[in-house]
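The structure appears right after this line, and notes come after that.
The values are calculated or read from the model by the stated rules, or taken from the named source; none is laboratory data. Note that this is a predicted model, so its numbers are computed, not measured. Because the Cβ atoms are built from the backbone with ideal geometry, glycine has one as well, and the counts that use them run over all protein chains shown. Only protein heavy atoms, including side chains, enter the accessible area calculation; ligands, DNA and RNA are left aside. Shrake-Rupley method; radii C 1.70, N 1.55, O 1.52, S 1.80 Å.
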Amino acid sequence: VVEVTVGALNQPIGGLGAVLVARNVSAQKQVERMRQDFVANVSHELQTPLTVIRGFTETLLDNPDDPSARRFLELIHEEATRMSRLVDDLLTLSRMEHHSMPMRRQGVDVPVLIESVTVKLSPRIHSAGLTLENHIPAHMPLVAGDPDLLAEVFMNLVSNAVQYTPVGGCISLDMALDVPNHMVGISVKDTGIGIPAQDVPRIFERFYRVDRARSRASGGTGLGLAIVKHIMELHHGRIEVKSTVGVGTEFLLWLPEFESERDD
Ligand code: ADP
């Protein structure tokens, strides 16, 4: 927007310049409002665990021999862990927004990457009473990208599938190819609670949650999908969501094939 406006101001003063300036001012106001909302959200997210930590430490200081002391310490530890996770996610987002995230671009073997992610998550999948079906073939075209960042994408999507799927459900992984466009698709699908249609467009916003209490209870920061969206943009990829409440959710990621990039 700024570039367009600067260009327009160099033109003889006219109606077009004025319209563009007006648009620029309202865009600036919107950016400022988003910044204020963001600061308010971060403060709130940090305030909640801090209140819990202060409450329990005060109780323990007043009464160190309280029979529930151990439980209180566990809760303090849990809240401190949540704060670390939030700060980690905020730093990741901030680095990506300021383009200071070092990004490699190499041929990434998706089946190998997915395998390493599912191995890490398998205790959680198992203890949540879920099954994982991995239909991704062992050999598929390499995608162009950064293996660490792409691992973070799959980690977030599979973790969410675990988080939002009731006991007995299934998470399935699949792949698709868009041959003419040299794109590789990877699907992460669950049989979980689903997302109401009106919320789907907003789930990639920072701190947007359909059910705040549920997200908090399972340790979510509300930043996972905002990070996923950024990483997909860095990769010139795209992400699609299909969801039906009470039936399940599918996230489909499209990433450019490595070979096609090299040919360009
Ligand atoms: P959170 O830490 O709350 O999970 P995310 O940014 O990862 O934050 O996701 C934002 C919101 O999108 C979640 O709070 C949840 O409401 C919804 N969501 C994400 N993934 C799923 C899923 N697989 N099934 C149902 N809802 C989901």
Checklist entry - Is it the case that some residue within segment 100-109 is exposed (fewer than 13 other Cβ atoms within 10 Å of the Cβ), at pLDDT below 90 and at positive phi? => result no
Next on the checklist: Return the pair list, or none, for Cβ contacts closer than 9 Å from residues in segment 222-244 that are within 23 Å of LEU46 (Cβ to Cβ) to residues that are open to solvent by less than 20 Å² (accessible area, probe 1.4 Å) and in a strand (DSSP E or B), at least 6 apart or on different chains.
Outcome noted: LEU225/PHE251; VAL228/PHE251; VAL228/LEU253
Checklist outcome for this item: Looking across segment 82-117 at residues that are hydroxyl-bearing (Ser, Thr, Tyr) and in contact (Cβ under 8 Å) with a residue 24 or more places away in the chain, the single one that is farthest from LEU149 (Cα to Cα) is SER116
Next on the checklist: Can you tell me which residue is farthest from the ligand (Cβ to nearest atom) among those in segment 221-264 that are basic (Lys, Arg) and assigned to a helix (DSSP H, G or I)?
Outcome noted: ARG262
Checklist entry - Any idea how many residues of segment 159-182 are crowded, with 18+ Cβ neighbours inside 10 Å, in contact with a strand residue (DSSP E or B) (Cβ under 6 Å, 6 or more places away or on another chain) and either among the small types (Gly, Ala, Ser) or within 17 Å of VAL112 (Cβ to Cβ) (or both)? => result 4
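Residues checked against (1) more than 21 Å from HIS235 (Cα to Cα); (2) within 15 Å of the ligand (Cβ to nearest atom); (3) in contact with a His (Cβ under 8 Å, 6 or more places away or on another chain):
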site	(1), (2), (3)
HIS98	no, no, no
SER116	no, no, no
VAL119	yes, no, no
PRO123	yes, no, no
ASN134	yes, no, no
ALA138	yes, no, no
MET155	no, yes, no
Checklist outcome for this item: The lone condition ALA27 fails out of (1) modelled with pLDDT under 90; (2) of a type in the set (Gly, Ala, Ser); (3) closer than 30 Å to SER187 by Cβ is (3)
Checklist entry - Quick one: what pairs do we get from segment 176-194, first residue outside any strand (DSSP E or B), second more than 16 Å from the ligand (Cβ to nearest atom), C-beta under 6 Å, 6+ apart or different chains? => result HIS182/GLU257; HIS182/SER260
Checklist entry - For segment 159-191, what are the residues that are more than 17 Å from ASN134 (Cα to Cα) and either in contact with a Phe, Trp or Tyr (Cβ under 7 Å, 6 or more places away or on another chain) or near the ligand (Cβ under 9 Å from one of its atoms) (or both)? => result GLN163, TYR164, ASP178, MET183
Item to check | Residue, farthest from the ligand (Cβ to nearest atom), within segment 192-220, restricted to residues that are small (Gly, Ala, Ser) and at pLDDT 95 or above | outcome: ALA197
